[in-house]
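Visitor: Dropping a structure here in structure tokens format, bear with me for questions.
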Amino acid sequence: MALRQYRQAAKFDQPQAAEVIASSQARISRLESGHVTARVIEVRLLLEAYGVTDPEVRDKLEELAKHSKNRGWWLEHAEHLRPDYVDHIALEDDATHIREWQPIMVPGLLQTPAYAEAVIAASPHYIEPERATQLVKVRMGRQAKIEEGEASYTAILWEAVLAQPLVSVEIHREQLSAILEVGKRKNVTVQVLPISAGVLAGYSCAFSSFSFDEEPTVEAVAMDNLRGTSVLEGAEDLAAYASAFDLLRSSALTPDASAKLIRGILRSLKEDTS
């Protein structure tokens, strides 16, 4: 691909190229292999860094990016997003397989607007109303990829996330119903790690893993922390989190048993408020 040729001619390695667009080495690798299409701003910044000045070349590559379906729908909200969150969304948007473990709250890819608004408002850091509104829109925008069947998504949730509402009971009931509906999609698998799994629930903090080809080989892992989102791409890290997810999945209830459990929790919540 042209971007790889220009990078090599400029004697840049992939980590250096990733710094130019404030992204990850995995992103550069996917751009150069043709698995994803570069966004206009990425093409522009990379060509400038590589010293490519030919206007015809620049115009041609920017035009290809401009008409790509993967132009980065979230960029219109960029002023409200942390750079590390943008990187997380880009990984998610490129992925063919997404796997997520969540022991604390409902994953963003499954959240209803009301649930998203409630957890964002409960953040220990003050978030201006305008930014909060944009964050909810972005969270809903992220879900389009799953709704349109463009990626296989597997979510494992700890039972406590479902049984102990972090938000109002009304919002939580709506959220549980939404999870049951989304779980019916052919490209979505929802499993629950039961309380009886014990200390296994603390085996790992929340994380998302991403694959970018037909095979579900883990190629990047994103983890949220107090300072933002960290992306791991080292071979040993990827192997460790792939193994962690396999262990959690094998210990979780089957999708059918998980749905049955969620329906039971939903019924108990209705009875408690009747």
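Visitor: Taking the chain as a Gaussian network, where each spring joins two C-alpha atoms under 10 Å apart, which residue of HIS97, HIS80, HIS88 fluctuates the most?
Guide: The residue with the greatest mean-square fluctuation here is HIS80.
Visitor: Which angle from 0 to 90°, rounded to the nearest 10, does the C-alpha axis of helix 55-66 make with the longest principal axis of the chain?
Guide: 10
Visitor: Which order do TYR115, TYR203 fall in if you start with the one that has the fewest other Cβ atoms within 10 Å?
Guide: Numbers: TYR115 26, TYR203 14.
With the fewest neighbours first, TYR115, TYR203 line up as TYR203, TYR115.
Visitor: Calculate how steeply helix 235-251 sits against the longest principal axis of the alpha-carbon atoms of the chain, using the helix alpha-carbon long axis, and give the answer as 0 to 90 degrees to the nearest 10.
Guide: 20
Visitor: Given just the C-alpha atoms of the stretch 39-156, how large is their convex hull per residue in cubic angstrom? Mind showing how you got there, number by number?
Guide: Working: hull volume 15.2 nm³, N = 118.
With only Cα atoms used, the stretch 39-156 gives 129 Å³ per residue.
Visitor: Subtracting the Cα-Cα distance from 0.36 nm times the residue separation, let me have the gained length for TYR203 to ARG267 in nm, one decimal.
Guide: Extra length available between TYR203 and ARG267 comes to 20.1 nm.
Visitor: About the Cα centre, and with charges only on the beta carbon of Lys, Arg (+1) and Asp, Glu (-1), how big is the dipole of the stretch 2-66? Nearest 20 debye, please. Walk me through the numbers before you get to the answer.
Guide: Values: 10 positive and 10 negative charges, 40 e Å.
Approximately 200 debye in magnitude.
Visitor: Could you run the Karplus curve 6.51 cos²θ - 1.76 cosθ + 1.60 with θ = phi - 60° over the stretch 197-203 and give me ³J(HN,Hα) per residue in whole Hz, x for Gly and Pro?
Guide: For the stretch 197-203, the Karplus-derived couplings read 5, x, 5, 4, 4, x, 4 Hz, x marking Gly and Pro.
Visitor: Under a Cβ-Cβ cut-off of 12 Å, what is the net charge of the residues other than ALA259 that fall near it, where Lys and Arg count +1 and Asp and Glu count -1?
Guide: +1
Visitor: Sticking with this structure for a sec: Around GLU233, what is the net charge, scoring Lys/Arg as +1 and Asp/Glu as -1 over all other residues with Cβ under 12 Å from its Cβ? Mind dumping the intermediate values first?
Guide: Working: positive: ARG27, ARG30; negative: ASP87, GLU219, GLU236, ASP237.
Once all neighbours under 12 Å are counted, the net charge is -2.
Visitor: As a test of the formula, what do you get for the chain when each DSSP H run with n ≥ 4 contributes -39,500 (n - 2.57) and the sum is divided by the residue count, at 222 nm and rounded to the nearest 500 deg cm²/dmol?
Guide: -15500 deg cm²/dmol
Visitor: Could you state the angle between the C-alpha long axis of helix 169-182 and the longest principal axis of the C-alpha atoms of the chain, as a value from 0 to 90 degrees rounded to the nearest 10?
Guide: On a 0 to 90 degree scale, this one is about 60.
Visitor: Taking 0.36 nm per intervening residue step and subtracting the Cα-Cα distance, what contour gain separates GLU19 from ALA122 on full extension?
Guide: Gain on stretching GLU19 to ALA122: 33.8 nm.
Visitor: Mind putting a number on the dipole of the chain about its Cα centre? Charges go on the C-beta only, +1 for Lys and Arg and -1 for Asp and Glu, and I need it in Debye to the nearest 20.
Guide: 480
Visitor: At R0 = 25 Å, how high is the FRET efficiency between ASP256 and LEU226 if r is their beta carbon distance? Nearest 0.05 is fine.
Guide: 0.10
Visitor: Next question, about the same structure. Which of LEU247, LEU200, LEU31 has the fewest other C-beta atoms within 10 Å, and how do the rest follow up to the most?
Guide: LEU247, LEU200, LEU31
Visitor: Return the sequence-ordered ³J(HN,Hα) values of the stretch 92-101 in whole Hz as given by the Karplus equation 6.51 cos²θ - 1.76 cosθ + 1.60 applied to θ = phi - 60°, using x for Gly and Pro.
Guide: Using θ = phi - 60°, the values come out as 4, 5, 7, 6, 9, 9, 10, 10, 9, 10 Hz.
Visitor: Find how much the distance from ALA160 to LYS137 grows on full extension, using 0.36 nm per residue of separation minus their present alpha carbon separation; answer in nm with one decimal.
Guide: 5.6 nm
Visitor: Given (1) 6, 27, 33, 21, 9, 3, 1, 0; (2) 6, 25, 27, 19, 14, 7, 2, 0; (3) 6, 28, 38, 23, 5, 0, which label gives P(r) over Cα pairs in 10 Å bins from 0, in percent as computed from the coordinates?
Guide: Given (1) 6, 27, 33, 21, 9, 3, 1, 0; (2) 6, 25, 27, 19, 14, 7, 2, 0; (3) 6, 28, 38, 23, 5, 0, the structure-derived one carries the label (1).
Visitor: Between beta-carbons, use under 14 Å as the cut-off and find the net charge around SER177, counting Lys and Arg +1, Asp and Glu -1.
Guide: With Lys, Arg at +1 and Asp, Glu at -1, the net is +2.
Visitor: Among ASP54, ASP87, which comes first, then next, by fewest other beta-carbon atoms within 10 Å?
Guide: The most exposed by this proxy come first: ASP54, ASP87.
Visitor: Suppose R0 equals 22 Å; then what is the FRET efficiency for ALA144 and GLU214 from their Cβ-Cβ distance, rounded to the nearest 0.05?
Guide: 0.55
Visitor: Additional query: So how far apart, in nm, are the two label points at GLU181 and ALA10 if each is 7 Å from Cα heading toward Cβ?
Guide: That separation, rounded to one decimal, is 4.6 nm.
Visitor: For the stretch 75-273, what is the percent of antiparallel DSSP beta bridges, rounded to the nearest 5?
Guide: Beta bridges within the stretch 75-273, antiparallel portion: roughly 50 percent.
Every number here is computed from the coordinates shown, using simple stated rules; none is lab data. Nothing here was measured: the structure is a model prediction, and the numbers come from that model. All Cβ positions, glycine included, derive from the backbone under ideal geometry; neighbour counts span all protein chains shown.
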